[in-house]
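Have a look at the structure below, then the notes.
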Amino acid sequence: MNFTPSDLEHIQSLGLSLETIKKQIKTYKGSPNYINLSASAKIGNGILKLSESDWNDFINYYDDEKNALKVVKFTPASGAASRMFKLLQEFLSKYDPQKETINSYINKNKSVELFLFFVTIEKLPFHDEVVDKMQLMMPDYDLLNLDQKRLLFVKSILEEDYLNYSNIPKGLLPFHQYQNHTSTAFEEHLFEASKYASVNGKAQLHFTVSKAHLEQFKTKWAAIQSIVESKTNTKFKISFSCQESNTNVLAVDLKNQPFRLNDKLFFRPSGHGALIKNLNQIDANIIFIKNIDNVVVDRFLERISSYKKGLAGVLLKLQCQVFKYAKVLESTEISDVQIVEIVDFLTQKLNICVSSEFNKYAYKYQIDYLKSKINRPIRVCGMVENEGEPGGGPFWVKAENGEISLQIVEASQVNLKLSRQKTILMNATHFNPVDIVCGIKNYKGETYDLKQFIDPKTYFITKKSKYGKQLKTLEQPGLWNGSMAHWNTVFVEVPIITFNPVKTVNDLLKFTHQAK
C-alpha cells in the first residue's frame, strides 16, 4: 500500500500505527473468520427457565443485598438515529410529487411500513414538534393539500434546515409523548435506573457517547436533572465516555483497497466491541448493561424492573458460591469430595464443559484448571423467545481447541453456506435482547482486567455504504460477543415485554412506547 505523508499524519493523529493499518488490510483480504456452532442453547440446555416463585426469590435476594453493593447502569448510546429513518430517507429520495400521489407510491412499492407511518402519524412522539416547525417555516402551511403536508412532514424530520433528526443521537430523540411533556430515551433510562439501580437513594449511570454528541448529552442532563431527581426521589451520578479513536478501523472498498472520501482515508468506529475498554474503567460490584433504545413508557416500568432485579439476584447467588469455591481452591489441602463438588457446580450452574481428560490430570493441574475456570467475570443474560428479530442469539460454540462454551453469536458470524451451521442458526429458539447483568470482581473484591477475557479472533467484516459508495469495515469482537467470550455465562429466559428496541421509526408506535 502506498500511503502519502498526509495519510501517515492522519493515521498517527488517531493514535494508530502503520503496522496496525497493514494488519487490518490483511484481515480484509483473508478468509472470513466464522464461528463454529455446536448447537443452539435451549431451555434445559443452556437456558434457565424460572418459575414465578423463583423470580420472586431472586428479586427479594437482590433487594436485600444491593444496599451493601456498588451498582452501575452501563448504556451504549453512541449511535445516531440515521438507521431509524431509513424508510423515510428512501421515500424522500425516490418519491416524485409531480408524477404520482403518495398513496400510489405506497401501492406501487407495496410499502406497508410507509402506509403505517402516515396513517398513525399523530401517535408519533414528535408529531406536534414537527407540525410546529412546519407552520413556522411555511407561512401558507394551512393551504397545502394532504400529500404536500405529508411530504413536508418527512422533510421536516430529516432535513438539516428543519429538525435534522437523522443526525441527532438516538438517545436524545423524542421517544415518548406524555400528557405534559415529551421524553427522550436518555431520560427514560434515568427513571428506569431509579427502580433497580438505586442504592440508598443514589443511582450511578454511565453512557458511552460519540465525541460529537457529548456536549448535547451534558446539556440535556443539566436541563432535566432537577426534574428527574424530584420525580424519582433519587440523586443521580451521571458519567460519560467516548469510544477511543485508536480503536477506529480503516474502511476498504470491495477490492480491499483503502476507502477514501475527498482523497482522505476514511476511518470508522470498530463496533461496540471496542467499548470493552470503557466497561473496563467501571468500578462496581454489579453492572447492568442495556442499549439506549430499549426503553418503555412509565406504565411498564415496574414490570420491566422486576426482571432486571431478578437477573441481578441470579448473579449474586451464583457469585456467592463462586467466591466460596474460589477461596477453597486457595487452601492448602482440598479433598477429592470438594473437587467433585466444584466440578459439579461449574457444569451444572455455570454451564462450563469441563475437559473429558480432567480426571487424568495430576492433583496440582486439577486445581490450576479449576482456578482458571472459576476466576472469571460473570454475566447473567436475559434471553427472549425468538420472534424473527435480526441480531444475536444464544449458542453452544466449539473453539479451535475443541472446548465448547455458551456464547452470544450474531448471524454475520456464521457461515450460512454450510447447511449444518445454517440449520443450527435457523432452529434457535431464543434471541439476545442485550439485557445483561455483570459481576466483574473476584472473591477478594479486586476488579478483573476485562481485556484478558476477549477472544480476539471473533471479529467480523460487514458491508456498509457512505454517500452511495459501497465499503467494507472491520468490527472488533462484540461487547457481548467475543469481548466476553471467556466470561462465565448464564442465560435466563425473560418475557418478550423486556425487549422494546427502536430500530425503525415505526417501532415508536408499539404499545410499550405509547403512554396511553
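The values are calculated or read from the model by the stated rules, or taken from the named source; none is laboratory data. Treat the numbers as computed from the prediction; the structure is a model and nothing was measured. Positions of Cβ are generated from backbone atoms using ideal geometry, with glycine treated the same way; all protein chains shown enter the neighbour counts. Accessible surface areas use protein heavy atoms only, side chains included; no ligands, DNA or RNA. Shrake-Rupley method; radii C 1.70, N 1.55, O 1.52, S 1.80 Å.
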Measuring from the longest principal axis of the C-alpha atoms of the chain, the long axis of helix 336-349 (C-alpha) lies at a number of degrees, nearest 10, equal to 20
Ranked output for segments 469-482, 330-343 by mean other Cβ atoms within 10 Å, highest leading, reads 469-482, 330-343
Ratio for region 462-505, C-alpha Rg to 2.2 N^0.38 Å, reads 1.74
Computed curve, region 251-344, Cα-only Debye sum without solvent term, log₁₀ I(q)/I(0) at 0.19 Å⁻¹, is -1.05
Once the dipole of the chain is set up from charges on Cβ (+1 Lys and Arg, -1 Asp and Glu), the residue from the list Y61, A185, H486 lying farthest towards its positive end is H486
The aspartates and glutamates whose Cα lies under 13 Å from the Cα of K457, excluding any fewer than 8 residues away in the same chain, are E400, E475
With Rg from the Cα atoms and Rh as the Kirkwood inverse mean 1/r over Cα pairs, region 334-436 has an Rg/Rh of 1.06
Heavy-atom accessible area per residue of the chain, all protein chains kept, 1.4 Å probe, expressed in Å², is 49
With every protein chain in place, the accessible area of C242 for a 1.4 Å probe, in Å² rounded to the nearest 10, comes to 30
Helix 185-196 sits off the longest principal axis of the Cα atoms of the chain, rounded to the nearest 10 on a 0 to 90 degree scale, by 30
For region 163-202, the accessible surface attributable to carbon and sulfur atoms (probe 1.4 angstrom, ligands and nucleic acids excluded) amounts in percent to 41
Quick calc, region 132-171, dipole around Cα centre from Cβ unit charges on Lys, Arg (+) and Asp, Glu (-), nearest 20 debye, gives 200
Charge dipole of the chain built from unit charges on the beta carbon (Lys, Arg +1; Asp, Glu -1), centred at mean Cα; most positive-end Cα among L144, F118, I367 is I367
Compactness check, region 71-161: C-alpha Rg relative to the 2.2 N^0.38 Å globular estimate gives 1.27
Note: region 267-415, point scatterers on Cα, Debye, no solvent; log10 I/I(0) at q = 0.11, 0.13, 0.19 Å⁻¹ equals -0.61, -0.83, -1.38
The number of Lys pairs in region 350-426 whose alpha carbons lie under 27 Å apart, excluding pairs fewer than 8 residues apart on one chain, is 9
The simple spin-label model distance between T462 and E341, using points 7 Å out along Cα→Cβ, in nm, is 4.6
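Mind ordering 176-188, 50-62 by average Cβ neighbours within 10 Å, highest first? Show your work: numbers first, answer last.
On the way: 176-188: 17.9, 50-62: 15.7.
Ranked from most to least packed, the peptides come out as 176-188, 50-62.
Any chance you could run the full-extension gain for K70 through V112? It's 0.36 nm times the residue separation minus the Cα-Cα distance, nm to one decimal.
10.4 nm
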Check: C-alpha center region 439-499 vs C-alpha center region 308-336, spacing in Å is 24
Which of K170/K516; K108/K472; K155/K510; K149/K231 exceed 29 Å between C-alpha atoms? The answer is K108/K472; K149/K231
Carbon plus sulfur, as percent of the 1.4 Å-probe accessible area of region 357-511, comes to 52
Mean projected area (nm²) from the convex hull of Cα positions in the chain is 28.0
To the nearest 20 debye, region 437-504 has a Cα-centred charge dipole, built from +1 on Lys and Arg Cβ and -1 on Asp and Glu Cβ, of 520
Sorted on mean Cβ neighbours within 10 Å (highest first), peptides 94-102, 400-408 come out as 400-408, 94-102
Out of M383, N415, S405 - ranked by how far each Cα lies towards the positive end of the dipole of region 371-418, with unit charges on the beta-carbon of charged residues - the top one is S405
Debye calc, one equal point scatterer per Cα of region 1-107, no solvent, log10 I(q)/I(0) at q = 0.13, 0.20 1/Å comes to -1.02, -1.12
Between Q257 and S13, the two model label points (7 Å from Cα along the beta-carbon direction) sit apart by a distance in nm of 2.4
Under 13 Å by backbone N from the virtual spin label 7 Å along Cα-to-Cβ at N103, the residues of region 124-148 are 146-147
The size of the Cβ-based charge dipole (Lys, Arg +1; Asp, Glu -1) of the chain about the Cα centre, to the nearest 20 debye, is 1060
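Evaluate E = 1/(1 + (r/R0)^6) for C242 and A39, where r is the Cβ-Cβ distance and R0 equals 60 Å; express this FRET efficiency to the nearest 0.05.
0.95
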